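In what follows, a single structure is set out as structure tokens and then discussed.
The values are calculated or read from the model by the stated rules, or taken from the named source; none is laboratory data. Computed from a predicted structure; not experimentally measured. No Cβ is skipped: glycine too gets one built from the backbone with ideal geometry, and neighbour counts run over all protein chains shown. Each accessible area value is taken on the protein alone, full model and side chains, heavy atoms only, with ligands, DNA and RNA left out. Shrake-Rupley method; radii C 1.70, N 1.55, O 1.52, S 1.80 Å.
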Amino acid sequence: MSYVDEVLERVKTKNAAEPEFLQAVEEVLESIRPVVEANEELYRKEAILERITEPDRQFKFRVAWVDDNGQAQVNTGYRVQFNNAIGPYKGGLRLHPSVYLGIIKFLGFEQVFKNSLTGLPIGGGKGGSDFDPKGKSDREVMAFCQSFMTELYKYIGADVDVPAGDIGTGAREIGYLYGQYKRITRLYEGVLTGKGLTYGGSLARTEATGYGLLYMTEELLKSHGQDMAGKTCVVSGAGNVAIYAIQKAHQLGAKCVTCSDSTGWIYDPEGIDVDLLKEVKEVKRARLTEYAAARPSAEYHEGRGVWSVKCDVALPCATQNELLIDDAKALVANGCIAVCEGANMPTTLDATQYLQENGVYFVPGKAANAGGVATSALEMSQNSERLSWTFEEVDAKLKDIMVNIYHNIDDAAKRYGKEGNYVAGANIAGFEKVVDAMLAQGVC
């Protein structure tokens, strides 16, 4: 049995109840086979694959807080520090009822390679809780965040582990978390990213993941003799990533005609009105039914359906495993030429394979949505220097990083005879940098 197969079997046995983590590991290990086979004796001796698929450490803790009715509530908090071979652990905090250890491990594992691809000195980690901020008052969110940080602070630091936002964790939550960290430690340091601009945040951070996704998509199309201008895009999600992906796509001359949330989706043939979408989602924190009510050209549909709309480019920006095999078939049938992932692992393995086999350019999230964490690392740099860069400076650096990621994953795929396979290219390019650092630092 090959070394890759041995480790895959061991990981599946050990983590049988964590399907998302197993899916992420299988995707990475299968695509780096040629690298491992070329170095099998060394990698086996140094247990590289065992070490890279096992987190450095993982924390699980109780988060007790009191709601507005005076009732005590209990949630579970997590932080997984996966690999810090190339820098301090870096990764967001997800607040959503679906969160459990397997989700956090999958996200942390993906983060290792995503962060490596940015070219910046950051390792991979992830955290979060099954707390749901939706429908909670500001005071309740603050109570939860303060309790969460009272435990989390023991494990993080500006040069140790730097959390950030994610699903359910926006500027409000980051502010409450940072205030509690500062209160407990008496340290004013860049321990969190996604902070407000008045206390160490970076301009362009809010836009970064969505903008970066479009910079990647633009470079992908350009390398294949295409242009974003005039393209019709379908987008899933209606959160931070989706909103700013739509905004940047429109700036590049494309038209985005869909978005979605957990209850339904919008089809707007005139193009999504970004200002209205922001009003509904960022200000009112309401459902997309309000968008449809305020926009005569928009149709609201319950359930799923974004991927059934005819398009040139598909941008899944919602959550993991949202684009299924039947969706992939619909996209191919409707002439879609490119799928670039704005969310983490939003496409199932069989759907990914189908898209690739049918000639659709497919860029995985660990490359395509790396703009968020890249700009978080730029925020860390600004905090360390006690400086604040202009929006234009940050945006220019972000674009350079995304363009470089595309060419690095393209080159890696070509080196191993997998031209056009950007999943393999992303995993190989991310893996090689981390492994070189691990080998240099010995068995630890």
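Quick one: accessible area per residue over the stretch 1-53, 1.4 Å probe, rounded to a whole number of Å²? Each residue of the stretch 1-53 exposes 47 Å² on average to a 1.4 Å probe. Rounded to the nearest 500 deg cm²/dmol, what is the calculated helix-only ellipticity per residue at 222 nm for the chain, with -39500 (n - 2.57) per DSSP H run of length n ≥ 4? Estimated from H runs of four or more residues: -15000 deg cm²/dmol. When the listed pairs LYS12/LYS433; LYS114/LYS399; LYS90/LYS114 are checked against a 19 Å cut-off, the alpha-carbon distance exceeds it for LYS12/LYS433. If R0 is taken as 45 Å, the Cβ-Cβ distance between ARG44 and ASN321 corresponds to a FRET efficiency of 0.90.
Accessible surface calculations at 1.4 Å, restricted to protein heavy atoms, place the stretch 251-356 at 42 Å² per residue. Taking a Cβ cut-off of under 12 Å around LYS12, the surrounding Lys, Arg, Asp and Glu residues balance to a net charge of -3, with basic ones at +1 and acidic ones at -1. Of the whole protein surface, ARG287 contributes about 90 Å² of accessible area at a 1.4 Å probe radius. Distance check, please: which entries in LYS60/LYS136; LYS231/LYS278; LYS366/LYS418; LYS195/LYS222 exceed 25 angstrom between their Cα atoms? LYS195/LYS222, as the Cα separations exceed 25 Å there. Going by a ≥ b ≥ c, the root eigenvalues of the Cα gyration tensor, does the stretch 94-213 fall in the rounded group (a/c under 1.5), the prolate group (a/b larger than b/c) or the oblate group? Judged from the Cα gyration tensor, the stretch 94-213 comes out rounded (a/c under 1.5).
For the listed peptides 422-428, 226-232, a ranking on the average number of other beta carbons within 10 Å per residue, highest first, reads 422-428, 226-232. Expressed to the nearest 5 percent, the antiparallel share of DSSP beta bridges inside the stretch 54-188 is 65 percent. Each residue of the stretch 190-195 was assigned a 3J(HN,Hα) from its phi angle through the Karplus expression (A = 6.51, B = -1.76, C = 1.60, θ = phi - 60°), giving x, 7, 10, 10, x, 6 Hz with x at Gly and Pro.
Please work out the C-alpha center-to-center distance from the stretch 186-249 to the stretch 265-293 and express it in whole Å. With the stretch 186-249 and the stretch 265-293 each reduced to a Cα centre, they are spaced 18 Å. On the basis of the beta-carbon distance and an R0 of 30 Å, ALA333 and GLU299 show a calculated FRET efficiency of 0.90. Net charge in the neighbourhood of GLY264 (other residues with Cβ under 9 Å of its Cβ; Lys, Arg +1, Asp, Glu -1) is 0.
Under the classification rounded if a/c is under 1.5, otherwise prolate if a/b is larger than b/c and oblate if not, where does the stretch 295-337 fall, given a ≥ b ≥ c as square roots of the Cα gyration tensor eigenvalues? Because a/c hits 1.5 or more and a/b fails to exceed b/c, the stretch 295-337 counts as oblate. Quick one: grab the alpha carbon gyration tensor of the stretch 362-444, order the square roots of its eigenvalues as a ≥ b ≥ c, and give me rounded if a/c is under 1.5, else prolate or oblate depending on whether a/b is larger than b/c. Cα axes put the stretch 362-444 in the oblate bin.
Of the listed values (i) 29, 26, 25; (ii) 36, 29, 23; (iii) 30, 29, 21, identify the label whose number matches semi-axes √(5λ) of the Cα gyration tensor in Å calculated from this model. Structure-derived value, by its label: (iii). Here LYS45 is the anchor, and the aspartates and glutamates within straight C-alpha reach of less than 20 Å, apart from those fewer than 8 places off in the same chain, are ASP5, GLU6, GLU9, GLU30, GLU37, GLU54, ASP56, GLU432, ASP436.
Computed in the context of the full set of protein chains, the accessible area of the chain at 1.4 Å probe radius has 48% of its extent on carbon or sulfur.
Count Lys and Arg as plus one, Asp and Glu as minus one, and take only other residues whose Cβ is under 11 Å from that of LYS248; the net charge is then -2.
Note on the stretch 205-365: antiparallel DSSP beta bridges, both residues inside, total approximately 35 percent of the bridges counted.
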